[in-house]
Structures are given as structure tokens and as C-alpha cells.
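Nothing in this text is a laboratory measurement; each read-out follows from the coordinates by a stated rule. Here the structure is a predicted model, which is why all the values come from computation and not from measurement. Cβ: placed from backbone, ideal geometry, glycine included. Neighbour counts: every protein chain shown.
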Amino acid sequence: MRYSVSTLTKYASAMVLTLLWGSSLAAAVGNTAGNAASISLFYGHKYLNQSDWEPVESQSEFGVGATFQQPGMPFIWVGDLLRSSSNGSTANYQLSGVPLKASGETTELSVGARKDLTEGSTKVFGQGGVLYISAKQKATNLLTNISDSDSGSALGLWLGGGLDAMITPVISVGGLIRISSADAGTAIGGIHFGLYAAFHFQP
């Protein structure tokens, strides 16, 4: 099943509303002074299972993220929306003598928790949680111009870690590695590498 932009927007809105709900709950039960939140932009690559996705197993990835932490919480709530794709116009592949043009894309909506493993302006962190992935593949026979496509979605898990460095009082940059796992008949999770920039504020 392929999900429309409006459906993905609903999922992203739900993630943001969940984080805002956490902030509102904190305000209801006590003083919000010291609450910390951030929003971030991500760019990197996602590497999918080669046997399921070749020749589009390496995909560029963009995303947005958000975090929230109340004073005294031992962890940080995190949410991300990541979208990866490989442009079929540059992914030509020879299979059994038949020239094909292939394309692929995935979208991951995830929530979870992050734990800082070090202190200071530069932190090492670990994180993980649950996610929902939708994916689509398409292949076109360049001789007959006949196309075949497949799509699916599944719930799964994700785990990762990274490094975050504050470069101003409100801006940090970092890098991370992440592994996502979900099965929709084919493996639609993968290994993610990337960089991000985050804006920090007190809600």
C-alpha cells in the first residue's frame, strides 16, 4: 500500500502533537522551568538489503526530528520522520540480459528514547524505540517500457547512537548511525548514516 503525502503529514503531525502533549503534561504537574526541547534537520544515507533492493539499495535520506526532556527525567523523548529514495534515472541495471531502470523509496516514522552517555558540551548518546515504515519499489524494462511495482508497510524497531556537539548556546551539530528493522515481505529497514543540525529551546 502506498501512502499519500496527506497521510504522511498526519503521521508527522501526530509525532509533533505527542511531544507537545508531553510538554503540556509537564506544565500541568509542575513548574516547566528547565524543560528542554529541540528540532533538527537530518541528511544522510540509508543502506537496504542488497538482495531485496539492488540496484537501489543505497538511498539518499532527508529527515526532521524533535526531542523533549523534563528536568529529572533519566532520558530524552525523541521523534523522527525520515524519507529515503534512489533516483531511477541514474539506477540502470542489467539483469539476465534485460536492461532495467529501477527506483525505490522508504519513509520511517519513529518514536523512542535517547540517553546521554557522557556530559559536557559534546555528548555521546544511545537511542532506540519503535517505528512505522512504508516502502515502494519500481522497475521498468527499457526494451518494452513495461513497469512492475511493489509496495508495503510494517511496524518495527530501531536502535542507534551518535555524537552531539553544541556550537552555540542554542545550536548543535552531530552525526549518528542507526539500524532500523521491519519486514513487509521484503526487508524495508536498513542501516542509516548521517549528519544533523539542531535548534535547542525551552518550551
5 angstrom amide H check on A182, placed H, neighbours 5+ away: I188, G189
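Fewest to most neighbouring Cβ within 10 Å: what's the order for T107, T140? If you can, show how the numbers build up before the last one.
Details: T107 22, T140 17.
Taking fewest neighbouring Cβ atoms as first place, the list is T140, T107.
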Karplus-derived 3J(HN,Hα), 6.51/-1.76/1.60, for each residue of segment 56-61, Hz, glycine and proline x: 10, 6, 9, 10, 5, 9
Residues L100, L48 arranged by fewest to most Cβ contacts within 10 Å: L100, L48
P(r) weight above 12 Å for segment 144-202, C-alpha pairs, percent: 74 percent
In nm, spacing of pseudo-spin labels at L163 and N87 (7 Å Cα→C-beta vector): 3.1 nm
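Only counting other Cβ atoms within 10 Å, I'd like I76, I146 sorted with the fewest neighbours first.
Ascending number of Cβ neighbours within 10 Å: I146, I76.
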Residue-by-residue Karplus 3J(HN,Hα) for segment 126-140, coefficients 6.51, -1.76, 1.60, Hz, glycine and proline x: x, 7, x, x, 10, 8, 10, 10, 10, 8, 8, 10, 8, 10, 10
Cβ-Cβ FRET estimate between K138 and I191, R0 fixed at 22 Å, reported to 0.05: 0.45
Proximal lysines relative to K101, as straight alpha-carbon distance under 28 Å, when same-chain residues fewer than 8 apart are discounted: K46, K136, K138
